[in-house]
Amino acid sequence: MRIVSGIQPTGNLHLGNYLGAIRNWVRMQDENAAKGGDTLFFLADLHAITVYNDPAELTANTREMAAALLAAGVDPDKAILFNQARVPAHAELAWLLFCTARIGWLNRMTQFKEKSGKNREGASIGLYAYPVLQAADVLLYGTTHVPVGEDQKQHLELARDIATKFNTDFGTELFVLPEPTIPPAAARIMSLRDGSAKMSKSDPSDASRINLADDDDTIAQKIRKAKTDPEPLPATAAELDGRPEAKNLVAIYAALNDESVDQVLADFAGQGFGAFKPALAERLVETLRPIRTRFLELRSDTTALDRILEQGAARARALAQPRLDGAYAALGLCTSRG
Ligand code: TYM
């Protein structure tokens, strides 16, 4: 298996990133290292600049996100950790793939529609073309598995379409079709204030998300204030339909406990949120406290963080080069490398 995934270094890691993706990264990294496969995780800083980012903040956030990933269990002895800007092959392959990707395919990307909102004409070309860079990120390494949350599924389908068209147009088998690996219980963690919106870094309300750096009291308070409904919890998952906030809190609990939603409901059926919320807050605090402690230790040592990212980038550059050269050659482009 070759495993690749990325995260944007904009602000802090939140519970949606952690349960939807990062926890799976760590599990897959451990399994893959035991089998001798390569695993690459990167900070998608080239994706972050598709909307305006203050340069000094971007630099600081890149290091902070590296610290957060290490604190959450990404291990540089088992996985290659780097930031995209240190590996120019990502941007280079993206250009080659822009010429394979079709405008009609990009027009169907729901995330662009969400992110550009009403101001589509004023969005950057980068924001529109972003899924092609994402395709380059995974195709560059012959990736077989991509651990992500549900919201990235459409981007990976696009990567498969681009790979198939490139391989067909140029009579090659250069690109491998990547498979998304999406966790069953926590594929889509929702906002604590609105069960119909995804938990997100870009939500202006901090109360909508649990950040990995939140202290115990803040976590407990956010759960206490989380939106719910007056009904008690039902006995089966199916009965949570139409109750998005309740469904979200139960899904978070299930993911933290590695249980199914039905198993959680077997314990809490008939009880109200007055009983459920404190239990959920306790599980969250227990899970996040050790990660936060490690994060606070790691983030101040910027020299060590830069060294890890640089060492990871050197390994990533070596793994990327053959497939990048293969893409130039397949297209008939003349390069100095022959
Ligand atoms: P990003 O930075 O928005 O999110 C990183 C990961 O966290 C997952 N995630 C969630 N999962 C469940 N519930 C949520 N509320 C939630 N919010 C975020 C995302 O699905 C993702 O797995 N475009 C990507 C970064 C990227 C990438 C790639 C990923 C760039 N190139 C190549 C995989 C492969 C992004 O913006 O993720």
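Each value in this text was obtained by applying a stated rule to the coordinates, not by laboratory testing. Computed from a predicted model, the values in this text were never measured in an experiment. Cβ coordinates were reconstructed from backbone atoms using ideal geometry, including for glycine residues, and neighbour counts include every protein chain displayed.
The C-alpha radius of gyration of segment 206-298, expressed as a fraction of 2.2 N^0.38 Å, stands at 1.11.
Give the residue from Ile125, Gly312, Leu19 lying farthest towards the positive end of the charge dipole for the chain; charges sit on Cβ (+1 for Lys and Arg, -1 for Asp and Glu) and the dipole is referred to the Cα centre. Going by the Cα projections, it comes out as Ile125. Helix 55-71: angle to the longest alpha-carbon principal axis of the chain, degrees 0 to 90, nearest 10? Between helix and principal axis, roughly 70 degrees. For a paramagnetic label modelled on Asn119 (point 7 Å from Cα along Cα→Cβ), amide N atoms under 15 Å away belong, within segment 40-75, to 50-54. Simple point charges give the picture: +1 on the Cβ of Lys and Arg, -1 on the Cβ of Asp and Glu, and for segment 79-204 a dipole about the Cα centre of about 400 debye.
The long axis of helix 153-169 is offset from the longest Cα principal axis of the chain by roughly 20 degrees. Scanning residues 5 or more positions from Ile80 or on other chains, those with amide H under 5 Å from its amide H are Thr39, Leu40, Phe41, with H placed 1.01 Å from N in the peptide plane.
Springs join every pair of Cα atoms under 10 Å in this Gaussian network model of the chain, and among Gly326, Gly16, Gly104 the largest mean-square fluctuation is at Gly104.
Given 0.36 nm per residue, what is the gain on full extension from Asp77 to Arg315 after removing their alpha carbon distance, in nm? Intermediate results must be reported in sequence, preceding the final value.
Details: separation 238, 0.36 × 238 = 85.68 nm, distance 1.19 nm.
Going from the current span to full extension adds 84.5 nm.
Comparing Arg315, Arg120, Arg63 in a Gaussian network model of the chain (Cα springs below 10 Å), the most mobile by mean-square fluctuation is Arg120. Phi-derived couplings, Karplus 6.51 cos²θ - 1.76 cosθ + 1.60 at θ = phi - 60°, listed residue by residue for segment 303-315: 4, 5, 5, 4, 5, 4, 5, 5, 5, x, 5, 4, 5 Hz, with x used for Gly and Pro. Each residue of segment 40-50 is assigned a 3J(HN,Hα), and the resulting list reads 10, 10, 9, 8, 7, 6, 5, 6, 5, 7, 5 Hz, derived from the Karplus form 6.51 cos²θ - 1.76 cosθ + 1.60 (θ = phi - 60°), x at Gly and Pro. Database remark: amide H of Gly195 closer than 5 angstrom to the amide H of Glu245 (H placed geometrically; neighbours at sequence offset of 5 or more, or on other chains; Pro and chain starts carry no H). Taking trypsin sites (Lys or Arg not before Pro) across segment 1-55, the ones in a DSSP loop with at most 15 further Cβ atoms lying within 10 angstrom of their Cβ are Lys35.
The angle between the Cα long axis of helix 273-299 and the longest principal axis of the Cα atoms of the chain comes to about 40 degrees, rounded to the nearest 10. For the peptides 147-158, 231-242, residues were scored by their other Cβ atoms within 10 Å and the scores averaged per peptide; the highest-first order is 147-158, 231-242.
Using helices alone, what [θ] at 222 nm do you get for the chain, with -39,500 (n - 2.57) per DSSP H run of 4 or more residues, divided over all residues and rounded to the nearest 500? Working shown, then result.
On the way: 13 runs with 176 residues, N = 338.
The per-residue figure over the chain is -16500 deg cm²/dmol.
Taking amide H positions as modeled 1.01 Å from N, with prolines and chain starts lacking one, the residues under 5 Å from Met190 and 5 or more places away or on another chain are Met199.
Where in the chain lies the longest segment free of chymotrypsin sites (Phe, Trp or Tyr not before Pro) that are both loop residues by DSSP (not H, G, I, E, B) and have at most 16 other Cβ atoms within 10 Å?
Values: sites that count: Tyr52, Phe170.
Excluding the exposed sites themselves, the longest stretch runs over 171-338.
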